[in-house]
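See below for the structure under consideration.
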Amino acid sequence: MARTVRDVRLDSRTVRERLEARKKPYYRVIEAGKHIGYYKGLRTGSWLARTYDGKKYAEKKLGMADDTLDANDMDVLSFSQAQAAARKWFDELARAEHGTPAGPYSVSSACDDYLKDYQHRRGKDEYNTNLRLNRIKDALGKVEVRKLTATQIKTWHREMGEAGRLTRSQAKDEAGDRKRIAFDPKDTEAQRRRLATANRMLTVLKAVLNLAFKNQEELGISIPAKTAWQSATPTRAVDAPKVRHLTDAEAVRLLNACPADFRDIVAAALLTGCRYGELCRLRVQDFDGAAAAIRVEISKSGKGRSVSLTDEGVAHFARLAKGKERGALLLVQASGEGWDTSHQIRRTRDACVAASIKPAISFHILRHTYGSRLAMRGAPMGVIAQQLGHADTRMTERHYAHLAPSYVSDVVRSLLGSIGVPVPANNVVSIT
């Protein structure tokens, strides 16, 4: 936060009374090229601000000085209040010069600027980032960034971790907010997921505020030090997921419970480990039967990859591609239309009910099932990472290393070696 300057001539009304009344104000520099001024009239005084743009001064009257009336931080200002008003005006001028909206720089404006930067950087998950930014704006959007406190952030973070998850519908409660699904307080996994979600939201908020802090001069704003959000820390030990996967018997039951069109995409997920969105975008030309692979051109990481197929996988995709043009979608609904966002949610839930899979899984668990099957059959972590499109093996090991029959023990034995612990002589004689 900008420091309030002191001036022995202007600090108190008692000292200002001794100043000579004159037409030229008494000016005090508060920043380079920016001044606070006190005009001493015959009866009372007033505060002014001025700034120099390299050619001329721009000047603004801020309000009356508290020479005869007590300061109220509105139309009667103390010296420190006048400085705050002057800095606010300087911010407005700078924002107008840079084409940014006038007025206080709110958290909502910071979220909008972050989204523009994210799009410019070609962030890999714009859809979910935008959803998180909108939730931040709903909770803290009206707060001015430079007035945002650590208490506000910590309270918001805590309340989010304690609240039930939002419904997917747009239904509102009596307060006009999205309805939430209450979870059982004894359900530790549901609590972990809520706390993990709150941590991710906090990470996004910090990224938004860090960008605003970095660009404050360009934006023409003044933001306090980072302490307001740096002191807000995520909840510990909640981001380690318990990976669920289907057994082969459960996978078969699920497939048999699906309608024919949905069965095709479920089978594709189990045979490739691809994400739902990746499967929705697959076209005939992405399938190479001779190489026994499919090509994923657009993935979450932004990089394409080839996914090797088993004989069963080749047969599945060959059937889907038969009779279609190269540019046609491989996986379509019974109507002939492609699959779209969220089409899989209700269908997966219905299939789980019909197949007696408890608890019901999400479509993403099919990806975990593929990775788990590879791990349990001894596939190296690097191979699993390549098939799933992970940037390296860290995420792969986090989810699947515990399933590999000898993965950990093999790594320990190969890397640790011997330190030469001396072996004592065996002086024990067996009695026969």
Taking Cα atoms only, helix 311-321 is inclined relative to the longest principal axis of the chain by an angle, in degrees rounded to 10, of 70 degrees
For Val353, placing the label point 7 angstrom along Cα-to-beta-carbon and taking the range 245-272, residues whose amide nitrogen sits under 11 Å are none
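Just check the range 182-316 against the gyration tensor rule for me: Cα atoms, a ≥ b ≥ c as the square roots of the eigenvalues, rounded for a/c under 1.5, and otherwise prolate or oblate depending on whether a/b exceeds b/c.
Working: a/c = 3.69, a/b = 1.72, b/c = 2.15.
Oblate is the answer for the range 182-316, as a/c is 1.5 or above yet b/c matches or exceeds a/b.
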Using a Gaussian network model of the chain whose springs link C-alpha atoms within less than 10 Å, name the residue from Val143, Val15, Val314 with the highest mean-square fluctuation. Val15
Shape verdict for the chain, please, from the Cα gyration tensor: rounded (a/c under 1.5), prolate (a/b greater than b/c) or oblate. prolate
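Would you work out what percent of the accessible area of the chain, with all protein chains in place, is carbon or sulfur (probe 1.4 Å)?
52 percent
For an R0 of 35 angstrom, estimate the FRET efficiency from the Cβ-Cβ distance between Ser308 and Arg200 and round to the nearest 0.05.
Values: r = 32 Å, r/R0 = 0.92.
Efficiency for this residue pair is about 0.65.
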For a quick check of your reading of the filter: which trypsin sites (Lys or Arg not before Pro) in the range 309-344 sit in a DSSP loop and have no more than 16 other Cβ atoms within 10 Å? Lys322, Lys324, Arg326
Taking a crude spin-label model, label points 7 Å out from Cα along the C-beta direction, the Thr188 to Val252 distance in nm is 3.4 nm
Comparing Leu77, Leu69, Leu320 in a Gaussian network model of the chain (Cα, 10 Å), the one with the largest mean-square fluctuation is Leu69
A correct Stokes-Einstein calculation for the range 212-257, using the alpha-carbon Kirkwood radius, 20 °C and 1.002 mPa s, returns a whole-number D in µm² s⁻¹ of 136 µm²/s
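Could you report the chain's accessible area per residue, 1.4 Å probe, as an integer in Å²?
Values: 25940 Å² over 432 residues.
Per-residue value: 60 Å².
The values are calculated or read from the model by the stated rules, or taken from the named source; none is laboratory data. This is a predicted model, so every value here is computed, not measured. Glycine gets a Cβ as well: all are built from the backbone with ideal geometry, and neighbour counts include every protein chain shown. With ligands, DNA and RNA removed, areas are computed over all heavy atoms of the protein, side chains included. Shrake-Rupley method; radii C 1.70, N 1.55, O 1.52, S 1.80 Å.
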